[in-house]
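**Student:** If you scroll down you'll find the structure; I have some questions about it.
What follows is calculated from the coordinates using simple rules that are stated; it is not laboratory data. These numbers come from a predicted model, not from an experiment. Cβ sites come from the backbone with ideal geometry, for glycine too, and all protein chains shown count toward neighbours.
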Amino acid sequence: MNIRQDAKVVLITGGSSGIGKSIGIFLADKGYIVYGTSRNPSRFKNFEKFQLLQLDVADKTSIQSAVKIIKEKHGKLDILINNAGAGITGPLEEIPEEEIIKNFTTNYFGPINVTKAVLPIMRKQGQGLIINVTSIAGYMGLPFRGVYSASKAALEMTTEAWRMELKSFNIHMTNVAPGDFATNIAAGRYHAPVIKDSPYEKSYGDTLRLMDEHVDSGKDPEEMAKVIYKIIENNNPKGHYKVGEFMQKFSIVLKRILPDKMYEKLLMNHYNL
């Protein structure tokens, strides 16, 4: 790994595994100074490619502490990648309210608060790039993933507004929406239990198995890293990028052109509902 003399400093939330780790390794190999984050970095003692900082996106104090470490060491922070996220599945009727709030805290309020922490640094240095990792699921309401779709959709729309507010400061903001990737997100997501004799017992149970199969057979996370790298190297990135299988990306196009009921029927057929 060769650090470039003019190396940019990158902060990746949720950098200890999955997509975040792949992005961090790829950028470190390209000569960037990379900091990843984890709620508990001590669990990753043999982590070598880049440094892990303690950061919990649900804890504003830990956010400020991590950003302060980078600022004091480098005097700048060029790129923020809001990658930390959490999955959640279940019938909307049966998901406990506290789990819905917890998911939005991670997937929506977390990226907002990390962004707020880095903006004063970027504004002072006169430039910056913020990449929000959302999801193709944020473009449509998916059955038994309604909370996840909603949290990612909220971040997509917030990014659209925020990027316009930041343009005069030469700070760019963009969304990258991945489809299914082979990561450990399925193991880490909150699953509402399949309740025996629930009205949703069969439909939710079958859909849950289908979702896990999609993740297990997903694309290599390095593909996301390559797209992130291209965005970083672009002086004027677009507002939205989608990364995934052709049909996953095409489903967004279909939603725009098909009547609502026809699109809904396609989704229900896909999930055998």
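**Student:** If you take the square roots of the eigenvalues of the alpha-carbon gyration tensor of the stretch 109-199 and sort them as a ≥ b ≥ c, do you get rounded (a/c under 1.5), prolate (a/b over b/c) or oblate?
**Tutor:** It is prolate, given that a/c is not under 1.5 and a/b is the larger ratio.
**Student:** Further question: Compute the long axis of helix 18-29 from its Cα atoms, compare it with the longest principal axis of the Cα atoms of the chain, and write down the angle in degrees, 0 to 90, nearest 10.
**Tutor:** 30
**Student:** Would you pull out the residues with amide H under 5 Å of ALA177's amide H, same chain only if 5 or more places away, H placed 1.01 Å from N?
**Tutor:** THR134, TYR241, LYS242, VAL243
**Student:** I've got another one for you. Distance in nm between label sites at LYS124 and HIS270, each 7 Å beyond Cα in the beta-carbon direction?
**Tutor:** 4.5
**Student:** Additional query: Multiply the residue gap between LYS261 and GLU98 by 0.36 nm, knock off their C-alpha separation, and tell me the result in nm, one decimal place.
**Tutor:** Taking 0.36 nm per residue and subtracting the Cα distance, the gain is 55.5 nm.
**Student:** Hey, rough spin-label estimate for ILE69 and SER42, points 7 angstrom out along Cα→Cβ, what's it come to in nanometres?
**Tutor:** With each label point 7 Å from Cα toward Cβ, the separation is 1.3 nm.
**Student:** Another question, then. Farthest toward the dipole's positive end in the stretch 30-140, which of TYR139, THR106, SER42, given Cβ charges of +1 (Lys, Arg) and -1 (Asp, Glu) about the Cα centre?
**Tutor:** Looking along the dipole axis, the top candidate is SER42.
**Student:** Can you give the local net charge around ILE195? Use residues other than it whose beta-carbon is closer than 10 angstrom to its beta-carbon, Lys and Arg +1, Asp and Glu -1.
**Tutor:** -2
**Student:** Let me ask another. Hey, what number do you get for the chain at 222 nm if only DSSP H runs of n ≥ 4 count, each worth -39500 (n - 2.57), divided across all residues, to the nearest 500?
**Tutor:** -14500 deg cm²/dmol
**Student:** Which entries in LYS49/LYS124; LYS60/LYS152; LYS116/LYS152; LYS102/LYS152; LYS60/LYS167; LYS8/LYS249 show an alpha-carbon gap greater than 22 Å?
**Tutor:** Checking Cα-Cα distances, LYS49/LYS124; LYS60/LYS167; LYS8/LYS249 exceed 22 Å.
**Student:** Expressed as an acute angle from 0 to 90° and rounded to the nearest 10, what is the orientation of the C-alpha long axis of helix 260-270 relative to the principal long axis of the chain?
**Tutor:** The answer is roughly 90 degrees.
**Student:** Rank-order 65-78, 109-122, 157-170 by packing density, defined as the average count of other C-beta atoms within 10 Å over each peptide's residues, highest first.
**Tutor:** Listed from highest to lowest mean packing, they are 109-122, 65-78, 157-170.
**Student:** Let me ask something else. Which residue, ASN132, ASN46, ASN234, tops the fluctuation ranking in a GNM of the chain built on C-alpha contacts under 10 Å?
**Tutor:** Answer for the Gaussian network model of the chain: ASN46.
**Student:** Determine the distance separating the Cα centre of the stretch 248-266 from the Cα centre of the stretch 5-56; give it in Å without decimals.
**Tutor:** Here the two parts' Cα centres lie 37 Å apart.
**Student:** Could you tell me whether the stretch 204-273 comes out rounded, prolate or oblate from its Cα gyration tensor? Rule is a ≥ b ≥ c as square roots of the eigenvalues, rounded for a/c under 1.5, then prolate if a/b exceeds b/c, otherwise oblate.
**Tutor:** Cα axes put the stretch 204-273 in the oblate bin.
**Student:** Still on this structure, I have one more. Connecting C-alpha atoms closer than 10 Å in a GNM of the chain, tell me which of THR106, THR13, THR61 has the biggest fluctuation.
**Tutor:** Judging by the Gaussian network model, the answer is THR61.
**Student:** Cross-link candidates for LYS76: which aspartates and glutamates have Cα within less than 15 Å, leaving aside residues fewer than 8 places away along the same chain?
**Tutor:** The qualifying aspartates and glutamates are ASP6.
**Student:** How big is D, in µm² s⁻¹, for the stretch 25-126 by Stokes-Einstein at 37 °C and 0.692 mPa s if Rh is the Kirkwood radius over C-alpha pairs?
**Tutor:** Taking Rh from Cα pairs, D becomes 216 µm²/s.
**Student:** Please give the helix 201-216 orientation as an angle from the longest Cα principal axis of the chain, in degrees from 0 to 90, rounded to the nearest 10.
**Tutor:** For helix 201-216, the angle is close to 40 degrees.
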